[in-house]
Amino acid sequence: MSAGTGPAERPLAFAPSILASDFLRLGELLSECERGGAERIHVDVMDGLFVPNLSMGLPIVEAVRRGTRLPVEVHLMIERPERYLEDFSRAGGDRLIVHQEATDHLHRAVHQVRELERKVSVALNPATPVGTLDHVIEELDSVLVMTVNPGFGGQKFIASMLPKIRRLRAILDERNPACEVEVDGGIDERTAPLAAEAGATALVAGTSVFAATGGPAGGLARLRSCCAGIAHRASR
Ligand code: DX5
Ligand code: ZN
C-alpha cells in the first residue's frame, strides 16, 4: 500500500454513546472515556416521532460540552432536524448528524450545518440505500451507517449492513475520499472488527463501552485491541 493521507491510512476513531451511561455519573464517565482514548462523544437525541423513544436534548448536549474536551457529535433522531440545527450548534455540537429519512430537504439541512461551520454527517437507516446520498455526498464530513434500527441501545448488529458499508466506502473513495464512514449500533468486540474490515473509519459504541468490565476505559481498550491492524486494510 502506498504511503499518503488517503482513508486507508486513517486510524479508527471511537465515539462512546452516552445513551448507555449512568447519567448520575456522567462527568466522571466522560473523563474515563477521555482516559480510554475516545476520539469524540456521541449524543443520541430522540423525539418519540422519528424513533419510538425519547432520550435527551439541548441541556445534555450543553452539559457534555462543559464536561469534556473531546469533540461532541449529536445524532439527531428527530423529524425535520433543520428546525434545531442552530440550537444544537450553539449548545456545543461539533458534528451534527441528520437522518436522510427525517427531512424532505436534505440538501438544505446539509448546507445549513455547513453555514454553522460544524462538521456535517448524514445517517442512513438500515433500509435506506446509499444512493439516496447521491446529491449531497461531496458535501459531507461523514456518513453514519446504522447497523440497528435506531431508537434503542443494546440491540443486535445487523450483519447484512456490511456490504452496504463496503459499497459506501468504495463510492466515497471515488467522490469524497476524506469523508468518514461511521457505524452505529450493536458494536462490540465481535462486530467492531467486521465493521472496520468493511471500511468503517469511526465506530459508535454504547453498551460495550459503558457496561464494560473495567468501565469505559476498559471497554475502549478491548474494542481498540480487537480492531488492531484492521483500519489499515480498510478501503483499499
Ligand atoms: C441507537 C443509537 C445508538 C446507540 C448505540 O438508536 O443511535 O447510538 O446508543 O448503542 P449500542 O452500542 O448499545 O448499540
Ligand atoms: Zn447514535
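Computed from the coordinates by the stated procedures, all read-outs in this text should not be read as laboratory data. Please read all numbers here as calculations on a predicted model, not as lab measurements. Positions of Cβ are backbone-derived with ideal geometry, glycine not excepted, and every protein chain shown enters the neighbour counts.
Calculated mean residue ellipticity, 222 nm, the chain: -9000 deg cm²/dmol, from DSSP H runs (n ≥ 4) at -39500 (n - 2.57) each, averaged per residue and rounded to 500. Computed over segment 110-236, the P(r) tail beyond 26 angstrom holds 21 percent of alpha carbon pairs. When DSSP beta bridges are restricted to pairs lying wholly in the chain, around 5% turn out antiparallel. Using only Cα positions of segment 1-117, each an equal point scatterer, no hydration layer, compute I(q)/I(0) via Debye at q = 0.09, 0.11, 0.13 Å⁻¹ and quote the log10 values to two decimals. Here the Debye-derived log intensity ratios amount to -0.28, -0.41, -0.56.
Largest first, the extents of the alpha carbon coordinates of segment 102-153 on the three principal axes equal 31, 23, 19 Å. Dipole size of segment 73-176 about its Cα centre, with +1 on Lys/Arg Cβ and -1 on Asp/Glu Cβ: approximately 400 debye, rounded to the nearest 20.
Sorted by mean Cβ packing within 10 Å, highest first, what order do the peptides 91-97, 47-53 take?
Values: 91-97: 23.0, 47-53: 15.9.
The most tightly packed comes first, giving 91-97, 47-53.
Taking the Cα centre of the chain as origin, work out the dipole magnitude from +1 charges on Lys and Arg Cβ and -1 charges on Asp and Glu Cβ, in debye rounded to 20. Spell out each step's value before the answer.
Working: 26 positive and 31 negative charges, 114 e Å.
Charge dipole, the chain, about its Cα centre: 540 debye, nearest 20.
Between segment 69-129 and segment 154-206, the C-alpha centres lie 19 angstrom from each other.
For segment 43-197, the equivalent ellipsoid derived from the alpha-carbon gyration tensor has semi-axes of 23, 19, 15 Å in decreasing order.
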